[in-house]
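The block underneath contains the structure these notes are about, expressed in structure tokens.
The values are calculated or read from the model by the stated rules, or taken from the named source; none is laboratory data. Only a predicted model underlies this, so the values are computations on that prediction, with no experimental measurement involved. Glycine also receives a Cβ, built like all others from the backbone with ideal geometry; neighbour counts cover every protein chain displayed. Keep in mind that these areas ignore ligands, DNA and RNA; they rest on the heavy atoms of the full protein, side chains included. Shrake-Rupley method; radii C 1.70, N 1.55, O 1.52, S 1.80 Å.
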Amino acid sequence: MADALLLSDPRFFRHRSSGYHPERPERLDAARAAIDRARRTRGLTFSRVEPRPATEEELLRVHDPQFLNWLNTLRGEQGHIDADTYVGPDSIAVAELGAGGTIDMIDAMLTGPITCGVALVRPPGHHARPNHAMGFCLLNNVAIATAHAKAKGLSRVAIVDWDVHHGNGTQDVFYTNPGVLVVSAHQFPFYPGTGAAEEVGEGDGRGFTINVPLRAGCGDGVYRGVFERVILPALEDYAPEMIIVSAGFDASLRDPLAEMLLSAEAFGWMAQKLRCVANRSAKGRIALVLEGGYDLVALEAGLLAATLGMIDGTALEIARDVDHEDIAHASRVAKATWRSVD
């Protein structure tokens, strides 16, 4: 039996800008190199998921019909939706393929026997809102996959977003939904301007959104503190039946678009800790879905470490934090809101 599922397809390279853009096809070369290194150096094996386009019904669980109709008008076009987000002639089809492939990976995890997976998809998705494409993102892969897992009968799904940018689109989708716990650690204030600690959900979903905003310049020790004080305790209490990670690698110290200082080992440590939670409550079901990461060396190293940490528990020790006011504030807010729903 293979060690993990793998969603990877050459068609994902077809999403291309007319000029240079940091969200470029070469990112997939780096991601695939990480998987090849896992095979070569650790002997890990992967069962390939054959992607197919998401159906309208699957997309409508997350995105508004008017928005999907508008995206359809962009098929075959080349241009920009906004200053950050582009489309090429194949971009809409590629985005649908990434969403559908991620759904099929989730289905394979639900039916077994392989319970973990890596989705090397692009364009990324966590900024895509129900009615708006932005932040390099067209369709929200993680939200669509999560909504599918819920439609298949899971009561509690957790999304953990360690991308350096707050996943505002994912938060919007599930902000009132207690059946999805959305947890994000991100640079703040920063693009897209959301993700304050006080954003905790509304209505029945109050307490089921946990944001840990961090100042620029945070490294391994701060992220370890975030996980140990906030994220892991909340996940243990929630007892998710599946964990889906918005796995961006742009919090790396090498990344050109952000100002965090994470080592590759930190991503391995975080993935290993999340797998431990998944083993206890989710039958080991955990997926890494690629989001950001724009330095190719850092992307390869971080994804390799996260894949190893998720699959076989390989994670180098990382520094502990000193007392840090960002962590302390986020911890107080998160614990107050989380306990308020008990």
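Odds and ends about this structure:
- Residue match in the range 101-112 (condition: touching a residue at least 60 places away in the same chain (Cβ under 8 Å), within 21 Å of F13 (Cα to Cα), among the aliphatic types (A, V, I, L, M) and out of contact with any helix residue (DSSP H, G or I) (no Cβ under 7 Å at 6 or more places or on another chain)): yes
- For L261, the test of being surrounded by fewer than 21 Cβ atoms within 10 Å (Cβ to Cβ), at pLDDT below 95 and touching a Ser or Thr at 6+ places or on another chain (Cβ under 9 Å) is failed.
- Selection within the range 47-83 - open to solvent by 30 Å² or more (accessible area, probe 1.4 Å) and in contact (Cβ under 8 Å) with a residue 60 or more places away in the chain: S47, R61, D64, Q66, Q78
- Check on D321, open to solvent by 10 Å² or more (accessible area, probe 1.4 Å), touching a helix residue (DSSP H, G or I) at 6+ places or on another chain (Cβ under 7 Å), in contact (Cβ under 8 Å) with a residue 12 or more places away in the chain and of a type in the set (D, E): yes
- Residue in the range 169-187 that is farther than 14 Å from S246 by Cβ, open to solvent by less than 30 Å² (accessible area, probe 1.4 Å) and not charged (D, E, K, R) present: yes
- Pair list, Cβ under 9 Å, 6 or more apart: the range 7-33 residue under 16 Å from R48 (Cα atoms), other residue surrounded by fewer than 15 Cβ atoms within 10 Å (Cβ to Cβ) and of a type outside the set (A, V, I, L, M, F, W, C): L7/R48; L7/E50; S8/R48; D9/R48; D9/E50; L28/P10
- H148, sole failed condition from (1) touching a strand residue (DSSP E or B) at 6+ places or on another chain (Cβ under 9 Å); (2) touching a residue at least 40 places away in the same chain (Cβ under 8 Å); (3) buried (at least 22 other Cβ atoms within 10 Å of the Cβ): (1)
- Helices (runs of 4 or more DSSP H) wholly inside the range 1-92 containing at least 1 residues that are under 19 Å from the mean Cα position of the chain (by Cα): 26-42, 56-60
- Exclusive hit being hydrophobic (A, V, I, L, M, F, W, C) and closer than 28 Å to A306 by Cβ, set L44, L60: L44
- Test: residue in the range 198-218 that is among the charged types (D, E, K, R) and surrounded by 23 or more Cβ atoms within 10 Å (Cβ to Cβ): no
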